[in-house]
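Structure record follows, encoded as structure tokens.
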2 protein chains.
Amino acid sequence: MSKRILIVGGVAGGASVAARIRRLDEDAEIVMFERGPHVSFSNCALPYHLSGDIADSNRLVLMNPEKFDDQYKIEARTNSEVVKINRDKNTITVKNVQSGEEYEEAYDKLVLSPGANPIVPPLEGVNSDHVFTVRNVVDIEKLNTHVQKEHIEEIAVIGGGFIGIEVAENLAHAGKKVSLVEAQDQVMAPFDNDMVQILHKEMMDKGINLVLSDGIDKVEENAIVLQSGKKVGAQAVVMAIGVRPETALAKDAGLEIGVTGGIKVNHNYATNDKDIYAVGDAIEVHHKITGQKTRLALAGPAQRQARAAADHIYGIPHRNTGVIGSSAIKVFDLNAASTGINEKTAKAANIDYDYVYVIPTDKVGIMPGSNVMHFKLLFEVPTGKILGAQAIGKGNVDKRIDVIATMIMMNGTLEDLKELELVYSPVYGTAKDVVNFAGLVGLNILNGQVKQVKVSDIRDLVESDAYIIDARERKEYEAGHLVNAKNVPLSEFRNRLEEIPTDRPVYIHCRSGQRSYNVVASLNNMGYDNVYNVSGSFLGVSLYEYFTDQVKERNPIVTKYNFK
Amino acid sequence: MSKRILIVGGVAGGASVAARIRRLDEDAEIVMFERGPHVSFSNCALPYHLSGDIADSNRLVLMNPEKFDDQYKIEARTNSEVVKINRDKNTITVKNVQSGEEYEEAYDKLVLSPGANPIVPPLEGVNSDHVFTVRNVVDIEKLNTHVQKEHIEEIAVIGGGFIGIEVAENLAHAGKKVSLVEAQDQVMAPFDNDMVQILHKEMMDKGINLVLSDGIDKVEENAIVLQSGKKVGAQAVVMAIGVRPETALAKDAGLEIGVTGGIKVNHNYATNDKDIYAVGDAIEVHHKITGQKTRLALAGPAQRQARAAADHIYGIPHRNTGVIGSSAIKVFDLNAASTGINEKTAKAANIDYDYVYVIPTDKVGIMPGSNVMHFKLLFEVPTGKILGAQAIGKGNVDKRIDVIATMIMMNGTLEDLKELELVYSPVYGTAKDVVNFAGLVGLNILNGQVKQVKVSDIRDLVESDAYIIDARERKEYEAGHLVNAKNVPLSEFRNRLEEIPTDRPVYIHCRSGQRSYNVVASLNNMGYDNVYNVSGSFLGVSLYEYFTDQVKERNPIVTKYNFK
């Protein structure tokens, strides 16, 4: 007898389960239930409707029920909300959201792919007609129509995660005056505080009114009021604080919920009911690096979970490798990507780590379109195992992070990164690629050949009048430098050794850290034993200090910033 | 006492050895000898001077002797040819190429980085003033000056490797009429015959007069004469047939030469003389996949060899991982990259392999700038170990090949590729990345779930009137199809099963292979056991047949090509 498989929710998780099952079993009866009118759409592409990059919102809809039926013999029932799971009789109760009618459907196997809901805190005014969320095609059409029909000029986006930033950018491209409000002191949680300042600067440079460390308190007709009491003009408000897994259906049915608030699943994405599976944003997953449970609202892992669940229904085993959390975002002219864990997560998981922050060029410097890339790599101490990376720049950061993600997947170390043979042409990169370079610097640190200080330590060093050497050439120094740095260029230091003290720590930087590293290596060889390279160097310090200086209105520690 | 280290040759190998040694030993006396006037230049960027991408040829010179001295206390002696190694007394004989004077220099350690020389066969007219090679800055300046001063209109480039194609493209960008002549039946040896047709088409589309399977016989004043007797108009000729490792110095000194004709080195890049090391294009290296010796003229490996040799001189051990041969090239609007081995190499090395040829989109289809990517993946049978990949498209093929290179380095398998968690944003890719997709298809083949035929087999199948099903929708079929294919769309096949024979093989294709795979899977589930998916599908067949059709003037097997 043929299997009857019901699926709650479409998009990345549900539709992938359905398609995979059809390929495994021509006879299975497959029904997919979706509360909204669209069963398959590109949720990651939604914000690009606001700028007109995807002008026709119909294009966001990837598959309709007719196509599912024609091509895959899958029934996609839209406007159909699953309101109850009746585990005792293996049925679900479905509500037709248009007619209000309720009915039962029996299943052999049930797959839950309900996703996650935008969080909307219960604030004054939050239910007004000019407050929006962005979860599906209907949402983005509503927002876009409102902005255009009402000729909205000022928009406030609440939340500096992926959706918040993409919505803000696309609205800015549409000519709107956009404020981005984030309660934390930084946007984009996957990035550490030192790296993220680059994104802060980019958003400010591109005209976004960026408000950090301040939350929304209430929504008025023409403005929002922040917790600090400040008002931000806005005739439309987009709530993008975060998402909450949709677990109500599972909870009501007595399915186990995990420690993170997501639906608990086993190795095969089965819940504690052997006939019920769960995949996608609503579940909790195993983090490969920390070994802890976590939640992850990403399309790639959802698709893999979907396939694994379908396979398990048909007895095909699956290797669960856990998740590492790879992601990427375009922020105006910058690309930003990350994978694995950052410093915050490493500390929280009590993982002994160290890191590299380098700023090489993304392709051969003399080629047109060459730019610097800010690249941070975390590795485990003492094993050198690669834990994570963050990259930001105008160039192809996604490529470098994908290589690191592959290394993490394969349990690679700094030694592996050093020897990695990647493609090279001056059009695409450098013979010693960014990731090779980071691996080499990491080994120097791990092997104790170089000691380093962070860009975030430089203000304290400057203010405590530490001995700082700027190893750039004289002209570069004159164009802007740390207020108390002494200029001893790489090309001169061997003749000016008497200026370098041996009785106190010496901190050395150049532009990107490469020249200062050579000075540090030579001084170490000469017997100096208290010499530090400034990780991130002058470029890093300029970027790190610039934004906080703007916000905090404190005394700059550089005479002139340099971002190139 | 300080070590005296002499280095023969600069650029990627020699300069890297010198810089690394300085970082390891502040006291070492380091002298680098270079026959030409420039000790450090970007050889991979040379062709880009011809188009004006790098307008000032001085920019190709990365470091001069003054800078080497100022910054690294390294003596770079230009115009100095090392003519003899006197192993009995640990000295070299150096000739000042300007004065002709010869002198000896003593070494504790000697590092050879002589590189490889462009091959110029002894043809009639080949020594004329209008015949050029491209090895260094002087060469490219000579070629460029000649082309500009003499107002050259027609140029023949001999050889379809990296340098030949890059020179041809940059000259075409400069408005010249360029012929590219290649004796083999394809350009770019790292690519298999099926993939490389895409590059052939691109060059033809962009106005290059591409001549394959024909060699140069002699050079005349206004033309070259080919072995076929054909004449090709050319007032300038660039010889880019290939390179020969510069081993004369080593040979004369009695250093061992390997089976490939390169200098033989051990694990640490030492020759059979423990005081003499060799690195770069002149040596032979160990191929990680075939286990055989090979030669590789690539900058990245040269730099790693240089570092390893320097380290060994100072007692620092090194992990020799062999080479895999990753490379990339821009060919007009297309990017092409490859890593590991291709079908030819696998066959020659007697490695049991199979492969995947898929044509997914490089980013979410509805995003601006989305394009198809042709992607071929080789894996070992029966292990599923990844052996190599080739990718061609308008998008970021280098990223996908770097991921595969990382997988090869880490001994990854199709299973690893399937689970790989890469970054995703619709701006950069798709949730199921090209490489994940290739891994999945590869597993289907390895597990025997799908049988496939190659695009190169289709002509025979068409001509023998095999049963071929085109699973695209009717409109697509009408816009161009295989002459004898029957149109049974994915959306109709379940109702037209009586048309699908069970007593003979059935070959199914669609546009890119994804829809036909679903038909194949369903038919397999229904008990059909002689059904084949056409790997590469209609897009692949169109591209494969187009170029050979142009050349061979045979009857097309498609009614109309489709390349998108």
### Solvent exposure, largest accessible area first (probe 1.4 Å, DNA, RNA and ligands not counted), of B:Leu255, B:Leu298
B:Leu298, B:Leu255
#### Entry: Separation of alpha-carbon centers, segment A:162-217 and segment B:346-409, rounded to whole Å
36
### Reachable aspartates and glutamates, given that their alpha-carbon falls under 14 Å from the alpha-carbon of B:Lys176 and they are not under 8 places away in the same chain
B:Glu150, B:Glu153, B:Glu154, B:Glu166
### Query
Between rounded, prolate and oblate, where does the protein assembly as shown land on the alpha carbon gyration tensor, with a ≥ b ≥ c its root eigenvalues, rounded for a/c under 1.5, else prolate if a/b exceeds b/c?
oblate
## Note on the structure
Between the alpha carbon centres of segment B:58-109 and segment A:1-34 the gap in Å comes to 71
### Message
Rounded to the nearest 5, what % of DSSP beta bridges with both residues in the protein assembly as shown are antiparallel?
### Response
55
### Query
When only C-alpha pairs under 8 Å and at least 6 residues apart count, what is the relative contact order of segment A:452-552, in percent?
32
### Task
Calculate, for B:Glu415 and B:Asp352, the FRET efficiency according to 1/(1 + (r/R0)^6) with r their C-beta to C-beta distance and R0 30 Å; round to the nearest 0.05.
0.95
### Query
Other chains near A:40-48: what is the mean number of their Cβ atoms within 10 Å of each residue's Cβ?
4
### Message
Less than 15 Å Cβ to Cβ from B:Ser113, Lys/Arg counted +1 and Asp/Glu -1: what total charge do the surrounding residues give?
### Response
+3
### Task
Using just the helices of chain A, give the 222 nm mean residue ellipticity in deg cm²/dmol: DSSP H runs with n ≥ 4 each add -39,500 (n - 2.57), and the total is spread over all residues, rounded to 500.
-8500 deg cm²/dmol
### Query
For segment A:333-449: lysine pairs with Cα atoms under 17 Å, gap of 8 or more or different chains, count?
15
## Note on the structure
Between the Cα axis of helix B:11-24 and the main Cα principal axis of chain B, the angle (0 to 90°, nearest 10) is 60
## Note on the structure
Here the FRET efficiency for A:Asp205 versus B:Ile316, based on Cβ atoms and R0 = 60 Å and rounded to 0.05, is 0.85
### Message
Below 8 Å between Cα atoms, with a sequence gap of 6+, how large is the relative contact order for segment B:195-288 in percent?
### Response
14
### Query
Hey, can you rank B:93-105, B:76-88 by average C-beta count inside 10 Å, highest first?
B:76-88, B:93-105
### Neighbouring partner chain Cβ atoms per residue of A:23-29, average, 10 Å criterion
4
### Query
Assuming R0 = 30 Å, what is the FRET efficiency of A:Thr383 and A:Arg244, from their Cβ-Cβ distance, to the nearest 0.05?
0.25
### 0 to 90° range, to nearest 10: angle between helix B:514-526 axis and chain B longest Cα axis
50
### Task
Please give the residues of segment B:138-166, grouped as numeric ranges, whose backbone N is less than 18 Å from a label point set 7 Å along the Cα-to-Cβ vector of B:Thr260.
B:161-163
### Task
Check the straight Cα-Cα distances from B:Lys288 and name the aspartates and glutamates below 15 Å, setting aside those fewer than 8 residues away within the same chain.
A:Asp416, A:Glu419, A:Glu421, B:Glu380
### Residue mean of other protein chain beta carbons inside 10 Å, B:434-442
1
### Query
On full extension of the chain, what length is gained from B:Glu153 through B:Asp457, given 0.36 nm per residue of separation minus the C-alpha to C-alpha distance?
105.4 nm
### Spatially proximal lysines relative to A:Lys89 (Cα-Cα < 21 Å; intrachain offsets below 8 disregarded)
A:Lys3, A:Lys109, A:Lys251, A:Lys274
## Note on the structure
Summing +1 per Lys or Arg and -1 per Asp or Glu among the other residues with Cβ less than 15 Å from A:Lys84's Cβ gives -4
#### Entry: Relative contact order (percent, whole number), chain A, Cα cutoff 8 Å, 6+ residue spacing
10
### Summary
Between the Cα axis of helix A:299-313 and the main Cα principal axis of chain A, the angle (0 to 90°, nearest 10) is 50
### Query
What number comes out for the charge environment of A:Met239, summing +1 per Lys or Arg and -1 per Asp or Glu over other residues with Cβ under 14 Å away?
-1
### Unit charges on C-beta of K, R, D, E only; dipole of chain A, Debye
840
### Task
Go through B:410-418, B:459-467 and give me the packing order, highest mean Cβ count within 10 Å leading.
B:410-418, B:459-467
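The values are calculated or read from the model by the stated rules, or taken from the named source; none is laboratory data. All of these numbers come straight from a predicted model, not from anything done at the bench. Cβ coordinates were reconstructed from backbone atoms using ideal geometry, including for glycine residues, and neighbour counts include every protein chain displayed. Heads up: the accessible areas ignore ligands, DNA and RNA and are worked out on the full protein's heavy atoms, side chains in. Shrake-Rupley method; radii C 1.70, N 1.55, O 1.52, S 1.80 Å.
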